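The values are calculated or read from the model by the stated rules, or taken from the named source; none is laboratory data. All values reported here derive from a predicted model rather than from experimental measurement. Positions of Cβ are backbone-derived with ideal geometry, glycine not excepted, and every protein chain shown enters the neighbour counts. Each accessible area value is taken on the protein alone, full model and side chains, heavy atoms only, with ligands, DNA and RNA left out. Shrake-Rupley method; radii C 1.70, N 1.55, O 1.52, S 1.80 Å.
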Amino acid sequence: MSAVRAWLLTDIPQSRRQAQCQRLFLAWLVFRRNGSAVAGIAIVATLVAGALLAPWITGSAGVTPDLGNRLHAPGLAHWFGTDELGRDIFDRVMWGSRITLYIVGLVSVIVVPIGLAIGVVAGYVGGWVDSALMRLTDVFLAFPRLILALAFVAALGPGLENAVLAIALTSWSPYARIARAEALTLRRSDFILAARSQGIPHLQIIVSHVAPMCISSVIVRLTLDMAGIILTAAGLGFLGLGAQPPTPEWGAMIALGREYLLDQWWVPAFPGIAILVVSLGFNLLGDGLRDVLDPKSRD
Amino acid sequence: MNPAASVEATGLQVAFGRGRRSFHAVRNAGFSVGAGGSFGLVGESGSGKTTVLRALAGLLPPTAQVRGRMRMHGESLGAVRPRALRRRMQMVFQDPYGSLHPRHTVDRILGEPARVHGLDSIDNRIGEALAGVGLDASFRFRYPHQLSGGQRQRIAIARALIIEPDVVLLDEPTSALDVSVQAEILNLLQRLRRERALTFVLVSHDLAVVSHMAEALAVMRAGEVVEMLDVAALRTAAPQHPYSRQLLRASQGYDRAAGSEF
């Protein structure tokens, strides 16, 4: 253990890999000091673990009705109780975490590359390219997220993919703006001028010099936005426009459970708590990452 | 045009902005440096000396309007520079804390330009470049934040030299460093110039640095070259222009009597 630690903390790294590992380890040391960030990463890790282990920790996939077991209160047999069709709510919440992760993952995979590419190119190249790309960004920024999602679903039919597409399409613009703002300040910096004076091609400067400096603020923003994305997806599910029954999507579960809110509170409450906890987890993680990644807040 | 000149600028003018709001950073600058020579540009802040250097390096923002001609070994230095031309002229920046990419290791900082210019045996070259600036191989995989200011400036010099340029532009290469480190860096630069037959164009506000490094110098003020001197004339304190004399007095330290003269 101490040998690994020494390897990670030595002043004289011997290889590229060691230097990278050291940088990650030092970032982790900063991150670890931030209590709420560790809580955030614990929550997100629990979400991931729940999604991965769902087949082993649940008794059923939570989709088959069992009308003899309707609306059982939480107890030892059913930790979170059962819903109006007799399905175990704990099982449904666990399987639902897969859907939440799917939404979160898919949105980030679409949003980060688009936002980063458009923002970095606009900020680095400047001039009319910048104007054109930023007006395009403004156009997408002007779409109301939920209304566009409704239009998408109306045009393409309800479903998780269409909901994700609508969310992604309306949420990349802030990332482009963040990346552009960073790229604008970097463009004039000496290390970018040095790269230019060395004849390094513009594309390579954008990809390997400018983008890595912008990506940290984009990732911080993404984790802070995750809560909003989860809530929008849940909202679409609640409106019946996202995941369709019997898929155990948390928002849809709340929508179906709201009739029982007064008498059988556990039906909507547990998926609601799950949304709350996961959103909180991503927010705490985002705050912690900002402390680690954002050089401006560090010194 | 002087055929023996390595770097030559004639009637150089640089303006930023257009119309009534335009600002002429350089009004009229001209000089020529022989191959293997070392030329200094001195002047106070805002005299346009750094702008001249950036114009030579092709690093001015696209909004700047450059007039006049700049040549390197007879080749015209225009707004668009082919990669091979870039390779022959390299620059060392003033602030070693800002001129190295904070997320790149020394290995990558030195290796990338060598790869871009298609050089072979990059591993050996990185080792030699480090040795050339007096750093051992243990620095190779460090990040800039693990280095001192002097070590960073050595890395910046190694980065400029790894692609074997003819001309090195030095923008106040020591002014951001500790006094004790300044002399080391200046001696290192002198040694490298001798060993590799480099041509230097050096910008500084410090006449002592310029007289140590350069054989001839131009004094700039408000965007114009007011006087050309060789270092011998500077040593005998014989500059003609009153502004040059003022700079010389200033470089000899603060003196109440001298201060009241101006």
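Would segment A:173-181 turn up any residue that is touching a residue at least 40 places away in the same chain (Cβ under 8 Å) and farther than 30 Å from B:LEU100 by Cβ? Yes, segment A:173-181 has at least one match. No other residue among A:ILE192, A:ILE230 is assigned to a helix (DSSP H, G or I), buried (at least 19 other Cβ atoms within 10 Å of the Cβ) and within 14 Å of chain B (Cβ to nearest Cβ) apart from A:ILE192.
Each residue in segment A:74-106 was checked for being under 13 Å from A:PRO268 (Cα atoms) and outside any loop (DSSP other than H, G, I, E, B), and 6 of them qualify. In segment B:3-26, the qualifying residues are those that are under 20 Å from the mean Cα position of the chain (by Cα) and more than 23 Å from B:VAL231 (Cβ to Cβ), and the one that is surrounded by the fewest Cβ atoms within 10 Å (Cβ to Cβ) is B:GLY11. In segment B:91-112, of all residues being among the aliphatic types (A, V, I, L, M) and within 8 Å of chain A (Cβ to nearest Cβ), the one that is surrounded by the fewest Cβ atoms within 10 Å (Cβ to Cβ) corresponds to B:LEU100. Checked against (1) more than 14 Å from chain B (Cβ to nearest Cβ); (2) within 19 Å of A:LEU116 (Cβ to Cβ), A:ALA151 passes all but a single condition, namely (2).
Can you spot a residue in segment B:147-157 that is at the interface with another protein chain (Cβ under 8 Å from one of its Cβ atoms), surrounded by fewer than 18 Cβ atoms within 10 Å (Cβ to Cβ) and within 29 Å of B:THR63 (Cα to Cα)? No; the residues of segment B:147-157 include none that is at the interface with another protein chain (Cβ under 8 Å from one of its Cβ atoms), surrounded by fewer than 18 Cβ atoms within 10 Å (Cβ to Cβ) and within 29 Å of B:THR63 (Cα to Cα). Taking the criterion of being within 14 Å of chain B (Cβ to nearest Cβ) and aliphatic (A, V, I, L, M), the residues of segment A:19-43 that qualify are A:ALA19, A:LEU24, A:LEU26, A:ALA27, A:VAL30. The set of residues in segment B:211-231 being under 20 Å from B:VAL14 (Cβ atoms) and polar (S, T, N, Q) is empty. The residue list B:ALA160, B:ALA183, B:ALA208 contains one member that is among the aliphatic types (A, V, I, L, M), more than 30 Å from B:GLN13 (Cα to Cα) and not in a loop (DSSP other than H, G, I, E, B), which is B:ALA183.
To keep it simple, each residue is scored yes or no on (1) of a type outside the set (Phe, Trp, Tyr); (2) open to solvent by less than 60 Å² (accessible area, probe 1.4 Å); (3) under 21 Å from A:SER208 (Cα atoms).
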site: B:ALA57; (1), (2), (3): yes, yes, no
site: B:MET89; (1), (2), (3): yes, yes, no
site: B:ALA114; (1), (2), (3): yes, yes, yes
site: B:ASP123; (1), (2), (3): yes, no, yes
site: B:ARG142; (1), (2), (3): yes, yes, yes
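Under the condition of being within 12 Å of chain B (Cβ to nearest Cβ), open to solvent by less than 40 Å² (accessible area, probe 1.4 Å) and modelled with pLDDT under 85, the residues counted in segment A:1-18 number 1.
Condition check ((1) among the aliphatic types (A, V, I, L, M); (2) within 20 Å of the chain's Cα centre (by Cα); (3) on the phi > 0 side of the Ramachandran plot) across all residues:
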| position | (1), (2), (3) |
| --- | --- |
| A:LEU150 | yes, no, no |
| A:GLU161 | no, yes, no |
| A:TRP172 | no, yes, no |
| A:ILE178 | yes, yes, no |
| A:SER208 | no, no, no |
| A:GLY237 | no, yes, no |
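When you check B:LEU170 against the structure, is it outside any loop (DSSP other than H, G, I, E, B), more than 23 Å from B:SER138 (Cβ to Cβ) and in contact with a strand residue (DSSP E or B) (Cβ under 7 Å, 6 or more places away or on another chain), yes or no? Yes: the conditions hold for B:LEU170. The residue list A:GLY199, A:GLY157, A:GLY127 contains one member that is without any contact (Cβ under 8 Å) to a residue 24 or more places away in the chain, within 12 Å of another protein chain (Cβ to nearest Cβ), more than 24 Å from the chain's Cα centre (by Cα) and open to solvent by less than 30 Å² (accessible area, probe 1.4 Å), which is A:GLY199.
Right, B:PHE141: within 14 Å of another protein chain (Cβ to nearest Cβ) and aromatic (Phe, Trp, Tyr) or not?
Yes, satisfied.
What residue, of B:ALA25, B:ALA29, B:ALA79, is away from chain A (no Cβ under 12 Å), out of contact with any helix residue (DSSP H, G or I) (no Cβ under 7 Å at 6 or more places or on another chain), outside any helix (DSSP H, G or I) and among the hydrophobic types (A, V, I, L, M, F, W, C)? I'd like the intermediate steps shown before the answer.
Details: B:ALA25 fails: out of contact with any helix residue (DSSP H, G or I) (no Cβ under 7 Å at 6 or more places or on another chain); B:ALA29 fails: out of contact with any helix residue (DSSP H, G or I) (no Cβ under 7 Å at 6 or more places or on another chain).
Exactly one of B:ALA25, B:ALA29, B:ALA79 is away from chain A (no Cβ under 12 Å), out of contact with any helix residue (DSSP H, G or I) (no Cβ under 7 Å at 6 or more places or on another chain), outside any helix (DSSP H, G or I) and among the hydrophobic types (A, V, I, L, M, F, W, C), namely B:ALA79.
May I ask you to say which residue of A:VAL63, A:VAL93 is of a type in the set (Val, Ile, Thr), open to solvent by 50 Å² or more (accessible area, probe 1.4 Å) and within 19 Å of A:LEU256 (Cβ to Cβ)? Exactly one residue qualifies, and that residue is A:VAL63.
Selection within segment A:180-189: residues that are within 12 Å of chain B (Cβ to nearest Cβ) and open to solvent by less than 30 Å² (accessible area, probe 1.4 Å). The member of this set that is nearest to the chain's Cα centre (by Cα) is A:LEU186. For segment B:8-20, does any single residue satisfy the condition of being away from chain A (no Cβ under 13 Å), closer than 30 Å to B:HIS241 by Cα, in a loop (DSSP other than H, G, I, E, B) and not polar (S, T, N, Q)? No, that holds for no residue. Listed by first and then second residue, the pairs with beta-carbon distance under 8 Å, at least 6 apart or on different chains, first residue in segment B:100-111 and of a type in the set (Asp, Glu), second part of a helix (DSSP H, G or I), are B:ASP107/A:ARG16; B:ASP107/A:ALA19; B:ASP107/B:ILE126.
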